[in-house]
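A quick write-up on the structure given underneath.
Every read-out reported here was derived from the displayed coordinates using simple, explicitly stated rules and does not represent laboratory data. On a predicted model such as this, the values are computed, not experimentally measured, just so you know.
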């Protein structure tokens, strides 16, 4: 029986599905495992975060304090050997676990990914910003 190969573009599309699912599930470990060890996150109005350990520690309060609903919509995925880039849109709703008003965010992203030895893809650099102030 012939083994079906999943294209790199399809694998990256599934990575974004997993990214949103992990955030929606509130599973920080599952979410951070999508990053390279030396990954860089560049959130809006915040200094860049270099390294998976720092990204994890800076994101932990969001996972602890909010229930989140996320969707990621990649517009384009370009694979260039063992590197790829993708850009698109995202929607995030953050609902305080202790009660209070929800925060709804729509924005865009540009992400560089790196192919791993096992053929999977991980986030190497992620830059994102909101379309408007959070409401």
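Contact order normalised by length for the range 8-130, with contacts defined as Cα pairs under 8 Å and 6 or more residues apart; what percent is it? Display every interim value, and only then the final one.
Numbers: 241 pairs, mean separation 31.7, N = 123.
Computed over the range 8-130, the figure is 26 percent.
In degrees between 0 and 90, to the nearest 10, how far off the longest principal axis of the chain does helix 8-25 point, with axes built from Cα atoms?
The angle comes out at about 30 degrees.
Give the Kirkwood hydrodynamic radius (Å, one decimal) of the range 25-76, defined as one over the mean of 1/r across all pairs of different Cα atoms.
Working: mean 1/r = 0.0826 Å⁻¹.
Here the Kirkwood hydrodynamic radius works out to 12.1 Å.
How much length is gained if the chain between residue 71 and residue 117 is pulled fully straight, taking 0.36 nm per residue apart and subtracting their Cα-Cα distance, in nm to one decimal?
Values: separation 46, 0.36 × 46 = 16.56 nm, distance 2.78 nm.
The residue 71-residue 117 span can extend by a further 13.8 nm.
Relative contact order of the range 47-102, please, whole-number percent, based on alpha carbon pairs below 8 angstrom and at least 6 residues apart. Before the final figure, lay out each step's value.
Numbers: 57 pairs, mean separation 17.6, N = 56.
Relative contact order, the range 47-102: 32 percent.
Can you list, bin by bin at 5 Å, the percent of alpha carbon pairs in the range 51-135, starting at 0?
Spelled out bin by bin, the range 51-135 gives 3, 13, 17, 21, 21, 14, 7, 3, 1, 0 percent.
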